[in-house]
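Scroll down for the structure; my scribbles are underneath it.
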């Protein structure tokens, strides 16, 4: 169910974004035809752009949250005993000067 809502929000957000871009281009063309100077976009285009950004982000987040898996901190350690936690085999060094000192 979440993926349907997320996909719907993402698609509507992208369509709103495309419509806002078209409206901005149309406004710019209108200003050229009427030979007015460009000051800023109309407020409705700015609101539509912000709304499309928020809607697209929410849709993508909802789509991605549906596929996340739980991360358990004890997944690696649940089958180990207490004695094996201190076992760090990377620090074992067998070729050191102690073998020369303790030779019999």
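Sorting the segments 77-89, 34-46 by their mean number of nearby beta carbons within 10 angstrom, highest to lowest, gives 34-46, 77-89.
Relative contact order for the chain: 40 percent, from Cα pairs under 8 Å spaced at least 6 residues apart, divided by residue count. Taking the helices alone, the chain has a mean residue ellipticity at 222 nm of -19500 deg cm²/dmol, built from -39,500 (n - 2.57) per DSSP H run of at least 4 residues and averaged over all its residues.
Measuring r between the beta carbons of residue 46 and residue 5 and using R0 = 35 Å, the FRET efficiency lands at 0.85.
Modelled label positions at residue 21 and residue 91, each set 7 Å beyond Cα in the direction of Cβ, lie 5.7 nm from each other.
Per 0.36 nm of contour for each residue apart, how much would the distance between residue 54 and residue 100 grow if the chain were fully extended, relative to their Cα-Cα spacing? Walk me through the numbers on the way to the answer.
Values: separation 46, 0.36 × 46 = 16.56 nm, distance 7.03 nm.
That pair, residue 54 and residue 100, stretches by 9.5 nm at full extension.
When each of 14, 71, 47 is scored by the number of other beta-carbon atoms lying within 10 Å, the sequence from fewest to most is 71, 47, 14. Per residue, the Cα convex hull of the chain amounts to 230 Å³.
None of the figures in this text is laboratory data; all of them are computed from the coordinates on show. Please read all numbers here as calculations on a predicted model, not as lab measurements. Positions of Cβ are backbone-derived with ideal geometry, glycine not excepted, and every protein chain shown enters the neighbour counts.
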